[in-house]
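The structure appears right after this line, and notes come after that.
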Amino acid sequence: MDRKDHHDLRVFAGSASPILTSEICRLLHIEAGRCEVKRFSEGNTFVRVLENVRGRDTYVVQTLSGAVNDQFMELLFWIDALRRASAKEVTAVIPFFSYAKGDKKDEPRVSIRARVCADCIEATGADRVLTMDLHAPQIQGFFGISVDHLYALPVFVEYFRPMVTQDWMVVAPDVGFGEQARRFGRALGIEYVVSEKTRTGHNEQAEVLRIIGDVQGKTCVIVDDFATSGGTLVATAHKLLEEGATEVFASVSHGLLPGEAPARIQASPIKQLVITDTIEGRTGQLPKNIKVVSVAPLFARAIHNIHHRTSISELFES
């Protein structure tokens, strides 16, 4: 990717994603767009673009984790500011779209939160959304604008491939993630099994009931799209060892891991948890058994191809 190819491209960092944005821009051989965010004492957020974007393709990178509501409102303000500054196109780059968990009305009198967020992003003036590993891929259909949905799977496959032997096995943490586990296993040339779990209420605690498949003597790698408390990963790891697995690894696209979650992973039987850099701003250092790999190359290539109106379908493949 040559700098001269990107003379009318601008990529701006929301306050939740400055490090990832910096790495994306480095790979694109451009400077990050100049902008500023102010938060006033009464809670208001103010954003301002500090350079000319008239007639340019613009991208604002803002993950949604931690103070999710503040970050989402800031994203809407960035979209509006770029639109009012006469940008040619505005793409909302959302590495982690946390409200993707609210994809259905599965209880009485609840909001379909992902749909509300999609409506807001579209109404504010975004032309496109670029995101990664939506909790529910069908959320793309909530938008009337284009959604490019990347997967971290190729990054994980590249990381694990030198380690994998025929004694390895992929584990889906639940039936819903079975297809992704199958793709992961196919890319590595190994089989997969599924963990059956149950969850009651909204307390982020899950009980692993059984492993559907034989893991005796296997090194297992659990794959999932996001981890908050780490409880499901730890419970699944314990169940795998009870069923005869020899070692347990895990890979999670979005490792939120607030509070005591890193310590929980450190004390668990998980030999190594591999996460991506879609989440920033954690307090404290991650333990040695948590490894961070970057998805900036995937986002940089996607932005390059979108900017040049070429296909990015190869980035969706494992």
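Read the figures in this text as sums done on the coordinates, not as results from a lab. Small disclaimer: the values here were computed from a predicted structure and weren't measured. Heads up, the Cβs are rebuilt from the backbone with ideal geometry, glycines too, and the neighbour counts pull from every protein chain shown.
Sorted by average packing, counted as other Cβ atoms within 10 angstrom per residue and highest first, what order do 71-77, 257-263, 227-233, 273-279 take? Let's see the in-between values first.
Details: 71-77: 20.6, 257-263: 16.4, 227-233: 22.3, 273-279: 24.1.
In decreasing order of mean packing, 71-77, 257-263, 227-233, 273-279 become 273-279, 227-233, 71-77, 257-263.
Report, to the nearest 10°, how far helix 68-84 tilts away from the longest principal axis of the Cα atoms in the chain, using its own Cα long axis and a range of 0 to 90°.
On a 0 to 90 degree scale, this one is about 30.
In whole angstrom, how far apart do the alpha carbon centroids of region 80-129 and region 130-192 sit?
23 Å
For the ranges 172-184, 97-109, what's the packing order if you count other beta-carbon atoms within 10 Å of each residue, average per peptide, and put the highest first? The partial results should precede the final answer.
Working: 172-184: 18.7, 97-109: 15.5.
With the highest mean Cβ count within 10 Å placed first, the list reads 172-184, 97-109.
With a ≥ b ≥ c the root eigenvalues of the C-alpha gyration tensor of region 51-137, is it rounded (a/c under 1.5), prolate (a/b larger than b/c) or oblate? The partial results should precede the final answer.
Working: a/c = 2.32, a/b = 2.13, b/c = 1.09.
The shape class here is prolate.
When the chain is fully extended, how far beyond the present Cα-Cα distance does Met163 get from Glu242, taking 0.36 nm per residue of separation?
Details: separation 79, 0.36 × 79 = 28.44 nm, distance 2.31 nm.
Between Met163 and Glu242, full extension yields 26.1 nm more.
At 7 Å along the Cα-to-beta-carbon direction for both Asp119 and Arg282, put a label point, then send me their distance in nm to one decimal.
Roughly 3.6 nm, to one decimal.
Kindly work out what percent of the DSSP beta bridges joining two residues of the chain are antiparallel, to the nearest 5.
Antiparallel bridges: around 20 percent, rounded to the nearest 5.
When Lys and Arg each count +1 and Asp and Glu each count -1, what net charge do the other residues less than 9 Å away from Glu247, Cβ to Cβ, add up to? Don't skip to the answer; put the middle values down first.
Working: positive: Lys218, Lys271; negative: none.
Net of charged neighbours comes to +2.
Can you figure out the FRET efficiency of Glu31 with Gln216, using R₀ = 45 Å and their beta-carbon distance, to the nearest 0.05? Write out the running numbers ahead of the final one.
Numbers: r = 54 Å, r/R0 = 1.21.
FRET efficiency, Glu31 to Gln216: 0.25.
Please say if region 107-189 is rounded, prolate or oblate, where rounded means a/c under 1.5 for a ≥ b ≥ c the square roots of the C-alpha gyration tensor eigenvalues, and otherwise the choice is prolate for a/b larger than b/c and oblate otherwise? Display every interim value, and only then the final one.
Values: a/c = 4.21, a/b = 1.97, b/c = 2.14.
Note, shape of region 107-189 comes out oblate.
Cα atoms only, region 153-293: Rg and Dmax in Å?
So, for region 153-293, Rg and Dmax equal 13.9, 40 Å respectively.
Between beta-carbons, use under 10 Å as the cut-off and find the net charge around Leu257, counting Lys and Arg +1, Asp and Glu -1.
Numbers: positive: Arg264, Arg282; negative: Glu260.
Neighbourhood net charge equals +1.
So between Phe46 and Val68, what do we pick up on full extension, going 0.36 nm a residue minus the alpha carbon distance?
That works out to 6.3 nm of additional length.
In degrees, nearest 10, range 0 to 90: what is the angle between the Cα axis of helix 231-242 and the longest Cα principal axis of the chain?
Between helix and principal axis, roughly 30 degrees.
Which of Val129, Val248, Val49 moves most in a GNM of the chain, Cα contacts under 10 Å?
Val49
To the nearest 10 degrees, how steeply does helix 113-124 sit against the main Cα axis of the chain, on a 0 to 90 scale?
On a 0 to 90 degree scale, this one is about 20.
Show me the ranking of peptides 118-124, 189-195, 58-64, 220-226 by mean Cβ neighbours inside 10 Å, starting with the highest. Show your work: numbers first, answer last.
Numbers: 118-124: 17.4, 189-195: 19.7, 58-64: 27.0, 220-226: 24.1.
Highest-to-lowest ranking by the protection proxy: 58-64, 220-226, 189-195, 118-124.
Assign one of three labels to region 230-286, namely rounded, prolate or oblate, based on the Cα gyration tensor with a ≥ b ≥ c the square roots of its eigenvalues; rounded applies when a/c is under 1.5, prolate when it is not and a/b is larger than b/c, and oblate otherwise. Walk me through the numbers before you get to the answer.
Working: a/c = 2.59, a/b = 1.95, b/c = 1.33.
It comes out prolate by the Cα gyration axes.
In deg cm²/dmol, rounded to 500, what helix-only [θ] at 222 nm does the chain give when every DSSP H run of at least 4 residues adds -39500 (n - 2.57) and the total is split over its residues?
Helix contribution divided over all residues of the chain: -8500 deg cm²/dmol.
In sequence order, what are the phi-derived ³J(HN,Hα) couplings for region 252-258 according to the Karplus relation 6.51 cos²θ - 1.76 cosθ + 1.60 with θ = phi - 60°, rounded to whole Hz, with x for glycine and proline?
Residue by residue, region 252-258 yields 9, 4, 10, x, 5, 6, x Hz.
Can you work out D for the chain in µm² s⁻¹ from Stokes-Einstein, where Rh is the Kirkwood radius over C-alpha pairs, the temperature is 10 °C and the viscosity is 1.306 mPa s? Mind dumping the intermediate values first?
Working: Rh = 20.5 Å.
Stokes-Einstein gives a translational diffusion coefficient of 77 µm²/s.
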